[in-house]
Amino acid sequence: GLGFNIVGGTDQQYISNDSSIYVSRIKKDGAAYLDGRLQEGDKILAINGRDLKDLRHKDAVELFRNAGYNVSLKIQRRLQPQNGPVGHRDDGQSGGLPLAAVLVPGLALAVVAGWILLRYRQRM
């Protein structure tokens, strides 16, 4: 296979009022994973020049299964993270800043402020 799963279609909308086809999961060591360009959450607009607009899910799946060896995908990169399985990280990491990225500069600032205060008091 191509090494990824899809969601969506006119009969199984993944996002309300949007019947587009989306990449829901990229399989480790699959073709898409090894290629590295496709990402979870990408909207697939066309496969081998065939527009995926207004297709049922099973019809889209059939197009992917019969795509052949050389596959051309037209995609739209996701701009914002979606709720649900798209963008899910299963590597044990959470999003946002690491705690150290906030604490280290804060502690450095406190040390410098303390040093300045001590120097100022010594001169008085």
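Observations on the model:
- Computed FRET value (nearest 0.05) for residue 118 with residue 39, which takes r as the C-beta separation and R₀ as 41 Å: 0.20
- Under-5 Å amide H pairs with residue 45, H placed in peptide plane, nonlocal only: 74, 75, 76
- 3J(HN,Hα) along the stretch 56-65: 6, 4, 5, 5, 5, 4, 4, 4, 5, 5 Hz, from the Karplus curve 6.51 cos²θ - 1.76 cosθ + 1.60 with θ = phi - 60°, whole Hz, x for Gly and Pro.
- Spin-label model distance (nm) - residue 12 vs residue 59, 7 Å beyond Cα toward Cβ: 1.5 nm
- Per-peptide packing, taken as the mean over residues of other Cβ atoms within 10 Å, places 50-61, 19-30, 66-77, 109-120 in the sequence 19-30, 50-61, 66-77, 109-120 from highest down.
Just so you know, all these numbers are worked out from the coordinates, no wet-lab data involved. Quick caveat: nothing in here was measured; it's all calculated off a predicted structure. FYI the Cβ positions are ideal-geometry reconstructions off the backbone, even for glycines, and counts take in every protein chain you see.
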